[in-house]
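Below is one structure, written out as structure tokens; the observations come after it.
The values are calculated or read from the model by the stated rules, or taken from the named source; none is laboratory data. Everything quoted here is computed from the prediction, not taken from an experiment. For neighbour counting, all protein chains shown are included, and Cβ atoms are generated from backbone atoms with ideal geometry for every residue, glycine included. To get the accessible areas, we keep the full protein, side chains included, count just its heavy atoms, and leave off ligands, DNA and RNA. Shrake-Rupley method; radii C 1.70, N 1.55, O 1.52, S 1.80 Å.
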Amino acid sequence: AVGDGAPGVPSPNGETGETTDPGTVVLADGPIDPSWYRADSTVWGFNEEAMVGCDSCNLWVHAGCAGMRRGEYEEMNKGKHAIYNKEFLCKSCCEQRCRSVVEALANEDVYMMFAFPVTEDMAPSYRDVIERPMDLQTMQIFADGGKYYNYAWVREWFDLMVLNALTFNIPNTKMWLEAKDFYQRALPHVDKLLPAVPSSEHSDAIAASFSRAEAALEDERERVKADSTVEKKDLVAGVSLAEEIVVRPPLGKSPNVVASVPPLAVCVRPADAHAWAWMECCFLCGSSGASDTMLMCVDCGEAAHSFCAGSPAWSMGPDAVAGWRCMNCKVCEITGGFSE
């Protein structure tokens, strides 16, 4: 990890605001005192004691002007800094490099999947799943504003943006696969333009997501293969598969329509209908609140609050929750009968 906090204008001692204590850095969004640049200045980061050469333009800059912390400067002098000892860029060159990376990412985003922030209208439940949203527009704003003092943040935010898409979308679906393809198309550009950047903290999570999705596909292929093999073996042995199936009696139908629970119709404005279409609403009360208490019927797919349905969701195991049936679908598995 390089630095701490959000990219912006950090000071080497991790503080902001003006100070004249010897040996400390003074770097804030406000104006810089010209006296800091005097030869006899004791303000670290703005005198000749702390000068750094840019590997791109070959010009020298003050460490403080470059947004470098004193600890980073000392690590660089010892040859231990993960990035600066491989490539150091001044603020102007860093801005140009970051803009080049964002432009390359935008060119690979052919479906504009990452072009803009995800809004509530697009996906009402997005912020319930994703804690740190990221998109190319936000990255472009930071790049144009010169807020990246270290291009490692571009790599981290690129990985974060892809990881969010992989996390929110169901694996191996169209959107998930597009996020994976975008990552594989864009990664060579990132590695080429940001040669000194190590993998971010999100890289392992992305690789793990790819592995889980591939394992799920392999399990499905094995299941289909096993099913096909069983059918062939049965046909070779001359055993009719239909004879091995246990035929259950037909499910009963309620003789009294009133005894069945009718759905609750909720009238909404046309402007709200699109957003509501993304939400699970309780079959009994019509509310979409308290989503963490929702139970999904394994047969009809309708949702219901556990307290509306009278089901103790908090004491139910995963298997009981996965196999829960609503009042309209709850029948005996053996006889097909039901009770009012």
Original post:
Would it be correct to say that Val197 is in a helix (DSSP H, G or I) and either touching a residue at least 40 places away in the same chain (Cβ under 8 Å) or crowded, with 18+ Cβ neighbours inside 10 Å (or both)?
Top reply: no
Original post:
Within the stretch 16-65, can you find the residues that are modelled with pLDDT under 80, within 18 Å of Cys90 (Cβ to Cβ) and surrounded by fewer than 16 Cβ atoms within 10 Å (Cβ to Cβ)?
Top reply: Tyr37, Glu48, Glu49
Subject >> Lone unmet requirement of (1) under 19 Å from the mean Cα position of the chain (by Cα); (2) modelled with pLDDT under 90; (3) exposed (fewer than 15 other Cβ atoms within 10 Å of the Cβ) for Ser211 >> reply: (2)
Subject >> Of all residues making up the stretch 95-142, the number that are among the hydroxyl-bearing types (Ser, Thr, Tyr) and under 17 Å from Lys192 (Cβ atoms) >> reply: 1
Subject >> Condition met for Arg223 (open to solvent by 90 Å² or more (accessible area, probe 1.4 Å), modelled with pLDDT under 75 and charged (D, E, K, R)) >> reply: no
Subject >> Set Glu72, Glu108, Glu103, Glu95: member being in contact (Cβ under 8 Å) with a residue 60 or more places away in the chain and farther than 29 Å from Ala208 by Cβ >> reply: Glu72
Original post:
Is it true that Tyr37 is more than 27 Å from Gln140 (Cβ to Cβ), of a type in the set (Phe, Trp, Tyr) and either in contact (Cβ under 8 Å) with a residue 12 or more places away in the chain or in contact with a Phe, Trp or Tyr (Cβ under 7 Å, 6 or more places away or on another chain) (or both)?
Top reply: yes
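Rundown of residues vs (1) farther than 22 Å from Ser200 by Cα; (2) assigned to a loop (DSSP other than H, G, I, E, B), yes/no style:
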position: Val52; (1), (2): yes, no
position: Cys57; (1), (2): yes, yes
position: Gly67; (1), (2): no, yes
position: Glu75; (1), (2): no, no
position: Lys80; (1), (2): no, yes
position: Ile83; (1), (2): no, yes
position: Lys86; (1), (2): no, yes
**OP:** Taking Cys267 as meeting all but one of (1) of a type outside the set (Gly, Ala, Ser); (2) modelled with pLDDT under 80; (3) in a helix (DSSP H, G or I), write down the number of the exception.
**Re:** (3)
**OP:** Assess whether Leu235 counts as being open to solvent by 50 Å² or more (accessible area, probe 1.4 Å), at pLDDT below 70, of a type in the set (A, V, I, L, M, F, W, C) and in a loop (DSSP other than H, G, I, E, B).
**Re:** no
Subject >> Residues located in the stretch 153-170, provided they are open to solvent by 30 Å² or more (accessible area, probe 1.4 Å), of a type outside the set (A, V, I, L, M) and touching a Phe, Trp or Tyr at 6+ places or on another chain (Cβ under 9 Å) >> reply: Trp153, Phe168, Asn169
Subject >> Considering residues of the stretch 276-292 that are modelled with pLDDT under 80, of a type outside the set (Gly, Ala, Ser) and not in a loop (DSSP other than H, G, I, E, B) only, the residue nearest to Ala320 (Cα to Cα) >> reply: Asp292
Original post:
Among Arg223, Arg212, which is the only one that is at negative phi, in contact (Cβ under 8 Å) with a residue 40 or more places away in the chain and of a type in the set (Lys, Arg)?
Top reply: Arg212
